[in-house]
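Data block below; observations after.
The values are calculated or read from the model by the stated rules, or taken from the named source; none is laboratory data. Quantities reported herein were computed from a predicted structural model and do not represent experimental measurements. Glycine gets a Cβ as well: all are built from the backbone with ideal geometry, and neighbour counts include every protein chain shown.
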Amino acid sequence: MRHKSKQDFSFLDMPSIVTFIVHGQIKRKRKLILTIDDIFGKGFIVKIKQTSESHRAGWLTTEAIAEGTDYLVAVGGDGTVNEVVNAHLDSGKNMEILIGIIPLGRGNDFVKSLGIQKNMKSLLKAVQNNSFTSVDVGWLTFYDANKMAINRYFINIADIGLGGLATQMIRTSPKYLGPNISYAWAIFKSLLNYKSQKVKITTPEWSYEGEIMSACMANGKYFGSGLCIAPDAKIDDGIAEIVLIGNVGIWDYLSKIPLLKKGKKINHPEVYYKKAMTCMIESQTQMPIDIDGEFVGYTPLKMVMKQKMVKILV
């Protein structure tokens, strides 16, 4: 559901602060910054923070919140959005801060479930009207390479197995290939090298035990640069769509890509669509985990969905 309330400038008539967290490797960055200043500079205090190796998006978000920002805008891909959301939720401060997105990354899959476009003026209108929708997040507990427990939120999709391996490969793929080819090539290479693993998945409503190539926990519908892996996923119902891919061969998978592009479910005896508010996934060997397009660690993991935790400008 979308909510609207007029912006309040009553406190000393001070303009609101809009902080843009900009991925440092975005192309034509200077032109982008000039456009931001031109569109937002007249009615708001604009702050632009650029990521670097030492100042990641999460760190910059924490800094912006401490400075009293009223709005946060993630400028980049799903990974940048994830870092901004995690830092915002971890801060425990001012949960009323609204988060905007300018999708300029490789995949930009989360915004596809919201219908957000690369339109700066639409974002300005959303800020002016405080127009937002409240979305869910998933809370994961998993392990790093040293078997130390880690907690992290995902806002779009978390998956284990094939997806985690593909994410690692994408990092090394040439950027000139573009997102669609990069993801397709990474998945193809992963299918050639990855072996299905035996897992045990436990939820309050159902359980699964068997070999899988991948298990997706979906809040949003899309991953892999436009593949609609979870057609029934809803971003505000407090439930994840769980998509299990069993022993599916490489040609089976590739032949189904057109269906995924169209948002159709795959009719295959080794593909299962389920739902859960919480789940526990255990595996015989450690399986890689991908959260919102970023490799983060390994199984075992526990997932808990948290309903309507983040307010996204629309």
- Task: Among the numbered conditions (1) over 19 Å from V248 (Cβ atoms); (2) modelled with pLDDT under 95; (3) not aromatic (F, W, Y), tell me where V304 comes up short.
- Result: (2)
- Hey, among the residues in the stretch 113-132 that are surrounded by fewer than 19 Cβ atoms within 10 Å (Cβ to Cβ) and over 20 Å from V46 (Cα atoms), which one's modelled with the highest pLDDT? L114
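Among residues belonging to the stretch 278-314 that are farther than 24 Å from P204 by Cβ and outside any strand (DSSP E or B), point out the one that is farthest from the chain's Cα centre (by Cα).
Keep residues of the stretch 278-314 that are farther than 24 Å from P204 by Cβ, which gives 285-286, 288, 290, 292-298, 310-314.
When the remaining residues are screened for being outside any strand (DSSP E or B), the result is 285-286, 292-293, 314.
Numbers: T285: 26, Q286: 23, D292: 4, G293: 7, V314: 16 Å.
Restricting to residues being farther than 24 Å from P204 by Cβ and outside any strand (DSSP E or B), the top hit is T285.
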- Test: residue in the stretch 225-240 that is out of contact with any Gly (no Cβ under 6 Å at 6 or more places or on another chain) and hydroxyl-bearing (S, T, Y): no
- Task: Answer with yes or no whether I102 is assigned to a loop (DSSP other than H, G, I, E, B), more than 13 Å from the chain's Cα centre (by Cα) and surrounded by 16 or more Cβ atoms within 10 Å (Cβ to Cβ).
- Result: no
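Within the stretch 40-50, is even one residue within 25 Å of R152 (Cα to Cα), out of contact with any Gly (no Cβ under 6 Å at 6 or more places or on another chain) and outside the structural domain of Y153 (by TED's automatic domain parsing)? Steps first, answer last, please.
The initial filter retains those residues of the stretch 40-50 that are within 25 Å of R152 (Cα to Cα), namely 49-50.
Imposing the further condition that a residue be out of contact with any Gly (no Cβ under 6 Å at 6 or more places or on another chain) reduces the set to 49.
With the extra rule that they be outside the structural domain of Y153 (by TED's automatic domain parsing), the set shrinks to 49.
Yes, there is a match, as at least one residue in the stretch 40-50 is within 25 Å of R152 (Cα to Cα), out of contact with any Gly (no Cβ under 6 Å at 6 or more places or on another chain) and outside the structural domain of Y153 (by TED's automatic domain parsing).
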- Query: Within the stretch 150-220, which strands (runs of 3 or more DSSP E) (wholly inside it) include 3 or more residues that are at pLDDT below 65, farther than 19 Å from K275 by Cα and out of contact with any helix residue (DSSP H, G or I) (no Cβ under 8 Å at 6 or more places or on another chain)?
  - Reply: none
- For the stretch 75-96, enumerate the residues that are crowded, with 20+ Cβ neighbours inside 10 Å and of a type in the set (A, V, I, L, M). V75, V81, V84, V85, A87
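Going residue by residue through the stretch 269-279, is there one that turns out to be under 15 Å from E211 (Cβ atoms), surrounded by fewer than 14 Cβ atoms within 10 Å (Cβ to Cβ) and modelled with pLDDT of 90 or more?
Going residue by residue through the stretch 269-279, those that are under 15 Å from E211 (Cβ atoms) are 269-272.
Now drop any that are not surrounded by fewer than 14 Cβ atoms within 10 Å (Cβ to Cβ), which leaves 269.
Remaining after also requiring modelled with pLDDT of 90 or more: 269.
Yes, that holds for at least one residue.
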- Query: So which residues in the stretch 49-94 are more than 22 Å from V296 (Cβ to Cβ) and basic (K, R), if there are any at all?
  - Reply: K49, K93
- Task: Kindly indicate whether any position in the stretch 282-290 is among the acidic types (D, E), touching a residue at least 60 places away in the same chain (Cβ under 8 Å) and more than 19 Å from F110 (Cβ to Cβ).
- Result: yes
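Can you confirm whether K264 is touching a residue at least 24 places away in the same chain (Cβ under 8 Å), surrounded by fewer than 16 Cβ atoms within 10 Å (Cβ to Cβ), of a type in the set (K, R) and part of a loop (DSSP other than H, G, I, E, B)? Even if it seems obvious, please write down each step before you answer.
Numbers: touching a residue at least 24 places away in the same chain (Cβ under 8 Å): yes; surrounded by fewer than 16 Cβ atoms within 10 Å (Cβ to Cβ): yes; of a type in the set (K, R): yes; part of a loop (DSSP other than H, G, I, E, B): yes.
In short, yes.
Determine which member of the set K311, K306 is closer than 30 Å to D70 by Cα and in contact with a Leu (Cβ under 6 Å, 6 or more places away or on another chain). Outline the logic, then answer.
Details: K306 fails: in contact with a Leu (Cβ under 6 Å, 6 or more places away or on another chain).
Checking each option against the conditions leaves just K311.
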